[in-house]
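The values are calculated or read from the model by the stated rules, or taken from the named source; none is laboratory data. In this text the structure is predicted, and so the values were computed from the model without any measurement. All Cβ positions, even for glycine, are placed from backbone atoms using ideal geometry, and neighbour counts span all protein chains on display. Please note that ligands, DNA and RNA were not included when accessible areas were found on the heavy atoms of the full protein model with its side chains. Shrake-Rupley method; radii C 1.70, N 1.55, O 1.52, S 1.80 Å.
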Amino acid sequence: YSMNIELPKGKCTKIFVISLGNIIGSGIFISPKGVLEHAGSVGLSLIVWVCGGGICALGSLCYAELGVTIPKSGGDYSYVTEIFGGLVGFLLLWSAVLIMYPTTLAVIALTFSNYVLQPAFQNCLPPFIATRLLATICILFLTWVNCSSVRWATRIQDVFTVGKLLALVLIIVVGLVQIFRGHYDALRPSTAFEFSEDPSVGQIALAFLQASFAYSGWNFLNYVTEEVVEPRKNLPRAIYVSIPLVTLVYTMTNIAYFSSMTPEELLASNAVAVTFGEKLLGMFSWVMPISVALSTFGGINGYLFTSSRLCFSGAREGHLPYFLAMIHLKNCTPIPALLLCCVATIVILCIGETHNLINYVSFINYLSYGVTIAGLLYLRKKRPNLARPIKVNMLVPISYLIFWVVLLGFSLYSEPVVCGLGMVIMLTGVPVYFLGVHWKNKPKWVYRLVERVTYRGQKLCYVVFPQEDPSETEPLTASKATD
């Protein structure tokens, strides 16, 4: 069971399509309201969307260097573990398993339920219980699909990708028609920068956190570096094309929203694309909620599909119970990892609100990005002679880290409870690491208990530990011994 994707030899097109498909997701249907709310004006919100794409480009280039320098599966977690050691890597893994994946899944599932239910509740918000119940049913169904068959999961991903592309193309085309007809009052320079109150740096930082949720997926590129022929050439090319294109699509989508809605209408909407469709598409307005629902449905499936790969990497390093890395004997699906992610997501569904959850998960995401890119600078100093097929200019990681420090500092200042809670949960991993990983000479009864639980779990889920791929456990590079 592998998340790696084999790319046709000599082709850059495939990696471009993969990177584009993983960045463009359901976040563009969720984040515009939060970005506008924190930015305070139409003009500043559009600037945030453009600058957010630029920051992703800087991060992508840094991750491209790390991906070919440390050719291991597991992404951020593998890089940080290799560079800084077990504790920092474990904290990243801990936060990903408990926060990043489940919270992202919860946000997308809530968006799915809101877009499905909103047409039935046109003059009010869908009931709290109804949205949570539908989101839970969606999570349970897709968990069952991913547990049953890898092929089903990948086919769902392929089919439902069409939904998000249809919705975005429709929004942009209709929005451009509106602009050509002269409907762009909210976009005029005289009104675009009208603020209801003076914007603070902290609120702008939160606007960037909201936008970053839509751009999440840019770091997927480092998962396919091992399969790319001539990554030194093809990987940067894919980044140079895909990131600007995604930025253009997201910016045009927001411009289309403002061609038909005032800022007040957008902020009052619980499902922005549905409101857009109701105002402009008339009898065909039903297309919009269906398209967004398909997009979010595919997004949930994709995150469930990839979460198990991280669990496998963590178990391989001894940072997670080996039970979480086991796969079904016949279907080759990672049932324990999927069930863990499903349960954690349902718990977060019941206690969180969408926009707070976005701030919560985006803060932790940015924290892990910054630590990983700081590792790039540390590795440059610690091992300057290490073979680096891709080597970015030092200004790229330094610029990213300056933005990172400012963003996280002011976000924590503006939302100390939401952002601070994520840090507290991450730090709870410190005692867990020393008790569960670092402490080697545990009492025999602990090992017997773990063995008994693992054995019963194997019988219940009908799973076994997969045979390791030797290529995934090779040393960093052959130069490690001579460096």
- Being assigned to a helix (DSSP H, G or I), at pLDDT below 75 and over 17 Å from the mean Cα position of the chain (by Cα) is the filter here, so list the residues in region 205-232 that pass it. 225, 226, 227, 231, 232
- Task: Please specify each residue of region 337-363 satisfying the condition of being over 25 Å from residue 323 (Cβ atoms), open to solvent by less than 40 Å² (accessible area, probe 1.4 Å) and not in a loop (DSSP other than H, G, I, E, B).
- Result: 354, 355, 357, 358, 359, 360, 361, 362, 363
- Message: Please go through region 382-428 and give me each residue that is charged (D, E, K, R) and under 30 Å from residue 232 (Cβ atoms), ordered by number.
- Response: 382, 383, 388, 391
- Task: Report those helices (runs of 4 or more DSSP H) wholly inside region 43-162 carrying at least 3 residues which are touching a residue at least 12 places away in the same chain (Cβ under 8 Å) and touching a Pro at 6+ places or on another chain (Cβ under 7 Å).
- Result: 101-117
- Item | Residue list for region 424-435, filter: open to solvent by 50 Å² or more (accessible area, probe 1.4 Å), part of a helix (DSSP H, G or I) and closer than 15 Å to residue 87 by Cα | 427, 431, 432, 434, 435
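So in region 166-204, with the set limited to residues that are surrounded by fewer than 15 Cβ atoms within 10 Å (Cβ to Cβ), of a type outside the set (Gly, Ala, Ser) and assigned to a helix (DSSP H, G or I), which one is nearest to the chain's Cα centre (by Cα)?
Taking the candidates together, the pick is 169.
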- Message: I'm checking my understanding of the structure. Among residues of region 290-314 that are in contact with a Cys (Cβ under 9 Å, 6 or more places away or on another chain) and open to solvent by 20 Å² or more (accessible area, probe 1.4 Å), which one is nearest to residue 340 (Cα to Cα)?
- Response: 303
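Out of contact with any strand residue (DSSP E or B) (no Cβ under 7 Å at 6 or more places or on another chain), within 30 Å of residue 143 (Cα to Cα) and open to solvent by 10 Å² or more (accessible area, probe 1.4 Å): is that true of residue 378 in this structure?
When the stated conditions are applied, residue 378 does not pass them.
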- Note on the structure: Going through region 389-411 in order, the residues found to be at pLDDT 85 or above and open to solvent by less than 60 Å² (accessible area, probe 1.4 Å) are 392, 396, 397, 399, 400, 401, 403, 404, 407, 408, 409, 411
- Quick one: which of 291, 308 is of a type in the set (Gly, Ala, Ser), in a helix (DSSP H, G or I), at pLDDT below 85 and farther than 20 Å from residue 168 by Cα? 308
- Does residue 386 satisfy the criteria of being farther than 30 Å from residue 149 by Cβ, in contact with a helix residue (DSSP H, G or I) (Cβ under 7 Å, 6 or more places away or on another chain) and modelled with pLDDT of 90 or more? no
